1. Residue separation times 0.36 nm, minus the C-alpha to C-alpha distance between residue 124 and residue 108: what's the value?
2. Over what distance in Å are the Cα centres of the stretch 116-151 and the stretch 38-102 separated?
3. Go through 155-165, 174-184 and give me the packing order, highest mean Cβ count within 10 Å leading.
């Protein structure tokens, strides 16, 4: 790796690290109990949304776990907190505004639309109808990549982005127990990650 490539890599890694800190590093409840009093998201609506946007390979228990972790992360998120600056710069940066109120309004809008169109709540709709409603919502969004959760404009993207940065998502993607963000003993570093059966 050349010196120029190394600098580019370190700059990108530093920016990613800062974004991870701003996003709570994907930890379910990593900032729990430190919120600013912002009302939490409706659990039933979040779970119904999670069932529509998360991979079915997670199973009902896995989807519920991600939904709960997402709710805890949103409840504990703290805006305007100083974060570590990137490599090669002394400029300070701060966590963005709280996404919770906007996401709560979007969940409420989904529920209102479901009641207007189908006469029942969003959570009570079939999975097919919920998925179709979310697709229509996201058709109006410009989503060409999975962003950091806190930068997601739509709650469905925020939920998916939250899950995508978890160790469980990496394991499912590679169909092996990669377990990023965790420490492994030195003697295991050269071993190939164990495959996940049934993945």
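1. Answer, rounded to one decimal: 4.4 nm.
2. Here the answer is 17 Å between Cα centres.
3. Listed from highest to lowest mean packing, they are 155-165, 174-184.
Read-outs: derived from the displayed coordinates by stated rules, not from any lab. From a predicted model like this one, the values you see are computed outputs, not experimental measurements. Reconstructed Cβ throughout: ideal geometry from the backbone, glycine too, with neighbour counts over all protein chains shown.
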